[in-house]
Each structure stands twice: as structure tokens, then as C-alpha cells.
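The next block holds one structure in the form of C-alpha cells; read it before the comments.
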């Protein structure tokens, strides 16, 4: 009985999350969504005040203090909720740092990991969380130690795709960084989705801006998708405009320069490289879909770009299905989904790499099933990006922070 109530509560909560997401992204234009949007407006202004006050406390060194760790610290983040393509950028940056001889760790919050979901459900049921959890090591640089359910989608992907890189997850990135440094000898830290994490001093702030939807409706959570006001662009040392296959509109560049006159602006595009079988070993080149009827499904923040990509490189897109961001797939759900796609004439099903890690390993698809591997390509500012990484490695050598700490 208790398990049934918990499952029903979780399902209702997921439905409510889906509705709220539609309001935040202005995808749901129904009367109920518009009324709910008006209801959320005052809370958005309250959130803006909280963000400002928190930032003021850190900047003024009052009550909240920033900690310097004994490593080069590079932040990768954005102003909005999800969808800017951070994971391929973190991969590219980690490899660049490795190429400079650095021992790298990626620090992530581990959003939608098993522990994160348990905490959310406990809060929903008004239960007290017992004690403070310690950071979890997803990869020690040699082995992947946790699965996607325990680690979360992005940390698990990074651990698989970045051999030699340590991946640690914890809400407290300072604690996670200390473990990476003390236990694994790391001298470069990448804070994945860390632009709003102010407790750790950063040497480089790489801010991602999605060219397709840079700032949403310019309203803060919970009415919009902004985590902090657009003027926070001022904290960036480098602005990376993502999904920038074509020249960005002048308005976007003017907005960036309005709030930040000095940051290097770099354009990049997310390019498909190949298809890999989900829970298998088969690999196909990017022309594989040209002569097939194709179906797609995904549970990501910005599904339109993925769907358009597959549509452009397939014979015909006959089926598509969207799920809530970070959706967990069940076997029964996948069986029904694939049967509907097959009945629509679909010959090959495609999903994203983030979704692929959430597919149960025991699932047996009735048709070929692949994910598309995406990688970052610098469209403009390639030398600036590489040179920025090299410069920070020179300016902040391995022993730099130790010298600073000894001096201060």
C-alpha cells in the first residue's frame, strides 16, 4: 500500500513537473498555463532578490566566503536551466587540459542521481534527511565506479568518455574538489554546471549561451528559465555561443557586450559524429539514416534541436516522442514506445547519448536502436579557445595556488 502510494505520488509529481516545464519554456500556451505563469511572476521577482543578496554576501565576503583550492579551477556553466550543450564542452575542455599535462577532475552536482531523487522525495514527503552525504567518486580516472542511476546522466557519460579524468559528484563542490586533489593528485578542476556555485574561487569562467534560445523570456525561475539576471554575463571570462552554425543575431552580441566588454566570444556548433548501438557495440557512420524511416525519442531540456538534426540526416522522420528532462525509462514503457514506432513504419530508432545511459541494459528493441554521438566544433575563435586554456595553464601552474595560500 505504501509503495503504491509512493509510486502514484511520484507519477503525479512528474506530471506536474512536465506542466511547469511547459510554462517556463513558454511551450504550453493554454489558458491554464498562462494563468499559472501570472501566478508565478511574483515568485520570480522574489527569486531575483534572493540571487542578488546571495551574490552580494559572497562579493562582500560577509557570512559567505569563497574558498581557494590547490588547483587550477575552471567553471563551465550557463545562465539558464539546461539545454546549452555543456557536456560536450566539458569533454573538450578536459581533453585540452590533459593535452597541457594537467591531471583533471570534473566536479558535478550529480543532478537526478539516485541520491538526489531520494532527497527530493523525502522533502516532498516532509521527512528529514539523515545526515550529510559525502562526495561520491564516479570515476577514479582508471575505472568507472558508479552506474548512471547512482551517478546521474552527465557524470556517468563524462566518466565513460574521458579516460584518465577523475569525476566526483556532490552538491558541495568544495568537498568534492578536496577529495579529487588529496586522493587522486588532481591539479585542474572543471566545475560542470558551476556558474552559480560561488563558494569556490574560479580562475576562468566559461559561460555558455544557447544561440537558439539565449535567455528564454528573460524572466527568472520560476516564471522563466533564467537562474540569475542577464547582467551576470559580467562574471564571464569567456562566452561560448553554442549551436552557432550560422552567424548570431546582432542583438545577442550587443547584449553580451552591454554587460561584458572584455570576455572573449567564441562560437561553436554541436556536430554529429557517428551512431552507436544502445547497450551494444555496433557503430554506424553519419550517413546511415539516409535510406531509412526513422523514429526519435528523448528526455532532454531542449528536444527541438535534436529532432531537427535527425530529420535533416534521415530518409524520413516518421515518429517522435518527448519526455521530461532526465526521464527514467521502464521496460514496459519502452516496449509500448517501440511498438508504436514500428507500427508507424519506423525501421531505426534514434535517441541522445544522455537518454541512452538511462535505457535498462536488459531491454531488447524490436528494431535497430542507436544513439547519436555529438562533439563540439569551434566555428569561430578556435585559437582563442586553445590559447585561453594554454594561458591559464601557464599563469596558474601546478604550484601557483600553494604559493598564494602560503603568502596569504
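A compact table of results
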quantity: Breaking point among (1) modelled with pLDDT of 95 or more; (2) in a loop (DSSP other than H, G, I, E, B); (3) out of contact with any helix residue (DSSP H, G or I) (no Cβ under 9 Å at 6 or more places or on another chain), for residue 197; calculated: (3)
quantity: Test: residue 223 is surrounded by 17 or more Cβ atoms within 10 Å (Cβ to Cβ) and touching a helix residue (DSSP H, G or I) at 6+ places or on another chain (Cβ under 7 Å); calculated: yes
quantity: The range 307-337, subset in contact (Cβ under 8 Å) with a residue 40 or more places away in the chain and in a helix (DSSP H, G or I), residue farthest from the chain's Cα centre (by Cα); calculated: 337
quantity: Counted residues, the range 153-182 - those being over 23 Å from residue 96 (Cβ atoms) and out of contact with any helix residue (DSSP H, G or I) (no Cβ under 7 Å at 6 or more places or on another chain); calculated: 7
quantity: Identity of the residue in the range 271-306, crowded, with 20+ Cβ neighbours inside 10 Å and in a strand (DSSP E or B), that ends up nearest to the chain's Cα centre (by Cα); calculated: 298
quantity: Checking residue 213 against (1) at pLDDT 95 or above; (2) in contact with a strand residue (DSSP E or B) (Cβ under 9 Å, 6 or more places away or on another chain), the condition it does not meet; calculated: (1)
quantity: Options 247, 264; residue that is over 26 Å from residue 308 (Cα atoms) and in contact with a strand residue (DSSP E or B) (Cβ under 9 Å, 6 or more places away or on another chain); calculated: 264
quantity: Residue within the range 242-251 that is in a strand (DSSP E or B), in the same structural domain as residue 94 (by TED's automatic domain parsing), modelled with pLDDT of 95 or more and crowded, with 21+ Cβ neighbours inside 10 Å present; calculated: no
quantity: Residue match in the range 22-42 (condition: touching a strand residue (DSSP E or B) at 6+ places or on another chain (Cβ under 6 Å), modelled with pLDDT of 90 or more and surrounded by 18 or more Cβ atoms within 10 Å (Cβ to Cβ)); calculated: no
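Yes or no, residue by residue, for (1) out of contact with any helix residue (DSSP H, G or I) (no Cβ under 9 Å at 6 or more places or on another chain); (2) farther than 21 Å from residue 362 by Cβ; (3) free of Cβ contacts under 8 Å to residues at least 60 places away in the same chain:
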site	(1), (2), (3)
269	yes, yes, no
278	no, no, no
290	yes, yes, yes
296	no, yes, yes
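The values are calculated or read from the model by the stated rules, or taken from the named source; none is laboratory data. A quick note: this is a predicted structure, and the numbers were derived from the prediction, not measured. Using ideal geometry, Cβ is built from the backbone for each residue, glycine included, and neighbour counts are taken over all protein chains shown.
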